[in-house]
Amino acid sequence: MRALAIVHQRDAGPGVFAEAAAARGVELQQWFIAETDAPPADPFAYDAVITLGGAMHPDQDELAGWMRPEKELLAELLHREVPLLGSCLGSQLLGDAAGSPARRASRPEIGWYEIDLTAEGRADPVLGSLPAAFTGFQWHSYETPLPPGAVALARSPVCLQAYRAGERAWGIQFHAEVSAADAGAWIDDYEADPEAVAMRIDPAKLRAETTPRMEAWNALGRELCASFFDEVAARPGAVAARSA
């Protein structure tokens, strides 16, 4: 199996999703879309595509020249029923492609927040591998309204936290993929995010809360991504069917 990871910035890569891919024997290729227009291979020839996070907002098409083309690509991948997994910004871009542009949330979620699966989430083949309620690492100030026809899989008191669009595309607002190194880099650089500054984030306090949580959090992230790849593998022949 081959999968493509769309990476929007160097310190927001696939993290533990790459570990899950390796454990499942998945060849995961990375496309640094902000640095090159050319993906490693035809995006429609992969068995699955993952789109990841980034510090930019999902409505900043004019500032990030790659953003509109990525939304168009995700819309076509959805149409062709290529399995998709979007995380944070990636989930917001996927939501836009599914007909529901992201909007500013009622308040940012930066740090650790409670997340509850819905009944549909508990029965979902990907999200259902997670605890019914858990505390997740987040860093966002936008949210994705539920796309038309999509199923809500998880929520926090602030916003929708996960959804399934169709049968083969999942969006998660929380950072299940983030490595300990990347989380530490975000905390160190928190002053680059005006929302974090406005919230008066205490980096020392957030780091002290984050460090002991990361081992369990990374295990959850690997489990979620492994379930995604297992769901992709359970439907063989999809690539051949799409390219026929």
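The values are calculated or read from the model by the stated rules, or taken from the named source; none is laboratory data. Computed from a predicted model, the values in this text were never measured in an experiment. Using ideal geometry, Cβ is built from the backbone for each residue, glycine included, and neighbour counts are taken over all protein chains shown.
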Residue count for the range 193-239, restricted to those that are of a type in the set (G, A, S) and either touching a Gly at 6+ places or on another chain (Cβ under 6 Å) or not in a helix (DSSP H, G or I) (or both): 2
Which numbered condition D59 misses (of (1) more than 21 Å from R10 (Cβ to Cβ); (2) within 15 Å of the chain's Cα centre (by Cα); (3) of a type outside the set (A, V, I, L, M)): (2)
Residue that is assigned to a loop (DSSP other than H, G, I, E, B), surrounded by fewer than 17 Cβ atoms within 10 Å (Cβ to Cβ) and at pLDDT 95 or above, where the choices are P125, P147: P125
Helices (runs of 4 or more DSSP H) (entirely within the range 1-103) containing at least 3 residues that are closer than 24 Å to M214 by Cα: 16-23, 89-97
Residue list for the range 87-120, restricted to those being buried (at least 18 other Cβ atoms within 10 Å of the Cβ), small (G, A, S) and either in contact with a Phe, Trp or Tyr (Cβ under 7 Å, 6 or more places away or on another chain) or under 16 Å from P157 (Cα atoms) (or both): A102, A105, G111
Which listed residue is of a type in the set (V, I, T) and crowded, with 23+ Cβ neighbours inside 10 Å, from T51, T36: T51
Lone unmet requirement of (1) among the aliphatic types (A, V, I, L, M); (2) surrounded by 14 or more Cβ atoms within 10 Å (Cβ to Cβ); (3) over 26 Å from L160 (Cβ atoms); (4) free of Cβ contacts under 8 Å to residues at least 24 places away in the same chain for V26: (4)
Filter result for V178 (assigned to a helix (DSSP H, G or I), β-branched (V, I, T) and buried (at least 20 other Cβ atoms within 10 Å of the Cβ)): no
Filter pass, L85 being closer than 26 Å to F228 by Cα and either modelled with pLDDT of 95 or more or of a type outside the set (V, I, T) (or both): yes
